[in-house]
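Only the coordinates and a few stated rules stand behind these numbers; no lab work does. Just so it is clear, the model here is predicted, and its values are computed rather than measured. Methodologically, a virtual Cβ is constructed for each residue, glycine included, from the backbone with ideal geometry; neighbour enumeration extends over all protein chains shown.
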Amino acid sequence: MDSDERPSKMRKLEPQEDKDLSLQDEAATTTTNANDPLPFSTENDEARAEGEDLADGATEEPKLSKNQLKKRRRHEQWEAGREDRKVKRKEKAKERKERKREVWKEQNADENGNVPRMPPARLPRHFAGKGTQVPITVIFDCNFEDLMYDHELKSLGLQITRCYSDNRKAKYRTHLALSSFGGKMKERFDGVLAQQHTNWKGFRFFEEDFVAVAKKSKEWMAGPQGGEVAGALERSKDKDEAEEGETIYLSSESDNVLTHLKPNSTYIIGGLVDKNRYKGVCYKRAVEHGIKTAKLPIKEYLEMRDRQVLVTNHVLEILLKWMEFGDWGKAFMEVMPKRKGGKLREDGGDDVAGEDAMRDEAEDQDEQEKADAAHDAVEDANGPANVPETEVIEVTKGLPVGETEAD
C-alpha cells in the first residue's frame with residue numbers, strides 16, 4: 001500500500017491541551033446569541049428579573065449576620081407577646097388591689113362591719129404633687145448621641161423619664177430642661193413613647209445646646225412661675241445675698257467642689273451613657289464653652305468602694321434630697337445604690353457593702369426584669385398610655401435605671 005493511501009497517525013495530545021480543547025468545544029456548543037431569549041424556566045426567570053433590577057440601578061438588600069437575625073427574631077417574639085404581657089399585668093394589678101382591699105378591711109372595719117373608703121392608690125392625673133417649686137433649673141445636655149450605642153440611648157431615655165418622675169414627687173421641685181433634643185432620642189420620644197413628654201409639667205425640651213437653654217432658664221426662673229426660695233435654699237440664700245445665680249456644669253473631672261446650691265442658678269448634667277469609656281468629655285465640653293464646672297462633694301462625705309460616677313437620675317435625686325435635708329451626707333446615703341458601697345466618713349464600722357452587694361451586670365439584669373413588669377412613671381402623670389413594656393419604670397425607691405454612668 002502506498003504511503004499516500006495510508007491513514008495518518010493521530011498525534012497524542014498532552015493532558016493540558018486535551019482539557020483546553022474540551023473547554024473550547026463546550027463553550028462552542030453552549031454559546032447563544034445575546035439577543036436570543038433564554039429557555040423558559042423558573043431559574044431563568046429569576047435571573048432575568050434580577051438582571052433587569054440591577055440594570056435599573058437597584059441594589060440587593062444586604063445580608064444580615066447571625067447575631068442580627070437573632071436580635072430580629074427576639075424583637076419579633078417580644079412584639080408578638082405584647083398583648084399577653086399586657087393582660088398578665090392587668091390580672092396581677094387586679095390581684096394586688098384585691099389583697100389591699102382585704103388588708104384594709106381587716107385593719108379598719110369597725111364593730112358594725114363598716115369599712116371606710118380606701119385612699120386612692122395613685123395621684124390624680126396631671127397632679128403635680130404637694131412639693132414646692134424652687135428657682136433652680138437642671139438641664140440635661142443630650143448632645144452625645146454619636147458616642148453612644150442604641151441600647152445606651154435607650155437607657156438614657158429611661159433615666160430622663162425617671163428624672164421627671166423623681167422631680168414631680170420631690171418635696172422641692174426644680175425646673176427641668178433638655179437641650180440638643182433631636183436625632184434618635186427625639187424619634188424614640190415621639191414614636192415609642194407616643195409624645196407623652198409633651199404633657200410633662202415643668203419639663204422643657206429644646207433643640208438648642210445647653211448654653212442657649214441656660215440663658216433661657218434665667219427668664220422662667222425670674223417669671224411668675226419661677227418658684228420660691230425654700231428648704232435648704234433659704235439657708236444658703238443668706239450666704240449669697242450679694243451673689244446672683246450662676247450656671248454650673250456638673251462633672252466628676254472638675255477641680256471645684258459644689259458646696260451648696262444657689263437660688264436662681266442653673267445646673268447642667270451631661271446626658272452621656274457610655275460605661276465610662278469617654279473620660280472627661282463633659283468637662284472638656286463645658287470648658288470649651290466657658291461654663292463653670294463643679295463636682296458633687298462625694299469624697300468629702302463618703303468613703304466609696306466603687307466608682308464615683310453616677311447615672312443621670314441619681315445626680316438629680318441627690319440635688320433634690322440636698323434641698324430637702326440641707327445635708328450632703330444624708331442626701332448621698334438616701335440615693336446611692338448599695339452596690340457603690342458608700343458609708344459616711346464620720347461613721348465607723350464595716351457596714352460598707354456587704355456580701356449582698358451585687359455587681360453591676362447582675363443588678364442591671366434584675367432592673368430590666370423589674371422594668372418589664374412595672375407600671376410606667378409617665379402613666380402616673382398622664383393616665384394610662386400605650387407605652388411599650390421596654391419603656392416602663394418602677395417608681396419606687398432604690399431602682400437605679402440604666403447600666404452606665406453620666407460624666
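Give me the count of lysine pairs in the stretch 203-293 whose alpha carbons sit under 23 angstrom apart, restricted to pairs 8 or more positions apart or on different chains.
20
Once you sort the root eigenvalues of the Cα gyration tensor of the stretch 225-338 as a ≥ b ≥ c, which label holds: rounded (a/c under 1.5), prolate (a/b larger than b/c) or oblate (the other case)?
Note, shape of the stretch 225-338 comes out oblate.
Could you sort 244-253, 280-289 so that the peptide with the highest average Cβ count within 10 Å comes first and the rest follow in order?
With the highest mean Cβ count within 10 Å placed first, the list reads 244-253, 280-289.
Where does each of 324-336, 144-156 land if you order them by average Cβ count within 10 Å, highest first? Mind dumping the intermediate values first?
Numbers: 324-336: 19.0, 144-156: 17.1.
Highest-to-lowest ranking by the protection proxy: 324-336, 144-156.
Order these peptides, 214-220, 131-137, by their mean beta-carbon neighbour count within 10 angstrom, highest first. Can you show the working numbers first?
Values: 214-220: 17.9, 131-137: 22.1.
Ranked by mean Cβ neighbours within 10 Å, highest first: 131-137, 214-220.
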